[in-house]
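A.B. asks: Below is a structure I'd like to ask you about.
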Amino acid sequence: MIQHDISLRQTAPLCKCGERCRVIESRGRSITDPRLLGTPSSTYHVECMECGIASVPQHSVGVALHAWKTGNTVDTAKLPMVRGAIDMAQIKLRAVA
Ligand SMILES: [Zn+2]
């Protein structure tokens, strides 16, 4: 997985603590499974390094910014676990489709 700070391309919001947040693009998956072929593999999140929180990763920047704005956040330490859960949810969706 490769992560890029794309804050310069996006308008990064201010955190409640006053720090400028970072908008992060994560390319690649947390897990490898052939059932994930053809599904989105990049996720985006907004994070404040000072507070150690991030928006729940999303497949679009706009939804990630909305998640940050509405307080849909997690500890940055839990981001890998959340990304894994997102991939597992896609596998389950494919199974019922
Ligand atoms: Zn903060």
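A.B. asks: Filter segment 37-86 down to the residues that are surrounded by fewer than 15 Cβ atoms within 10 Å (Cβ to Cβ) and under 8 Å from the mean Cα position of the chain (by Cα) and list them by number.
C.D. replies: Listed by number, the list holds a single entry, 59.
A.B. asks: Further, regarding this structure: Filter segment 7-36 down to residues that are closer than 22 Å to residue 84 by Cβ and of a type in the set (A, V, I, L, M) and give me whichever is surrounded by the fewest Cβ atoms within 10 Å (Cβ to Cβ).
C.D. replies: 31
A.B. asks: Which one is nearest to the ligand (Cβ to nearest atom) among residues in segment 13-35 that are touching a helix residue (DSSP H, G or I) at 6+ places or on another chain (Cβ under 9 Å) and charged (D, E, K, R)?
C.D. replies: The qualifying residue nearest to the ligand (Cβ to nearest atom) is 25.
A.B. asks: Now, a different point. Does residue 38 fit the bill of being free of Cβ contacts under 8 Å to residues at least 24 places away in the same chain and away from the ligand (no atom under 16 Å from the Cβ)?
C.D. replies: So residue 38 fits the description; yes.
Each value in this text was obtained by applying a stated rule to the coordinates, not by laboratory testing. Given the structure is predicted, the values throughout are model-derived calculations rather than measurements. For neighbour counting, all protein chains shown are included, and Cβ atoms are generated from backbone atoms with ideal geometry for every residue, glycine included.
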